[in-house]
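Here the structure comes first, spelled out in structure tokens, and everything after it is commentary.
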Amino acid sequence: MMCNEKFNISLKDNVFGVNGGVNYKRLHCPKCNKYTMCKGIKKE
């Protein structure tokens, strides 16, 4: 289950993170402490 938390990632996470398709990465969520597929969004 996704918590829908928005967070910034480091350049290291962006470069070395596991890709899951176009604009998706498997990342660690700082809110729920789970690894999940995250969709990239533009900064506001």
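The values are calculated or read from the model by the stated rules, or taken from the named source; none is laboratory data. This is a predicted model, so every value here is computed, not measured. For neighbour counting, all protein chains shown are included, and Cβ atoms are generated from backbone atoms with ideal geometry for every residue, glycine included. Keep in mind that these areas ignore ligands, DNA and RNA; they rest on the heavy atoms of the full protein, side chains included. Shrake-Rupley method; radii C 1.70, N 1.55, O 1.52, S 1.80 Å.
Considering 41, 9, the condition of being surrounded by 10 or more Cβ atoms within 10 Å (Cβ to Cβ) and either within 10 Å of the chain's Cα centre (by Cα) or not in a helix (DSSP H, G or I) (or both) is satisfied by 9 alone.
Which of the residues that make up the range 14-38 are over 9 Å from the mean Cα position of the chain (by Cα) and either part of a loop (DSSP other than H, G, I, E, B) or surrounded by 13 or more Cβ atoms within 10 Å (Cβ to Cβ) (or both)?
20, 21, 22, 23, 30, 31, 32, 33, 34 - these are the residues of the range 14-38 that are over 9 Å from the mean Cα position of the chain (by Cα) and either part of a loop (DSSP other than H, G, I, E, B) or surrounded by 13 or more Cβ atoms within 10 Å (Cβ to Cβ) (or both).
With respect to the conditions (1) open to solvent by less than 60 Å² (accessible area, probe 1.4 Å); (2) at pLDDT 85 or above; (3) not charged (D, E, K, R), residue 3 falls short on a single one, namely (2). Taking residues in the range 17-34 that are without any contact (Cβ under 8 Å) to a residue 40 or more places away in the chain and of a type in the set (A, V, I, L, M), and partners anywhere that are in a strand (DSSP E or B) and open to solvent by 100 Å² or more (accessible area, probe 1.4 Å), the pairs with Cβ atoms closer than 9 Å and at least 6 places apart or on different chains are 18/26; 27/35.
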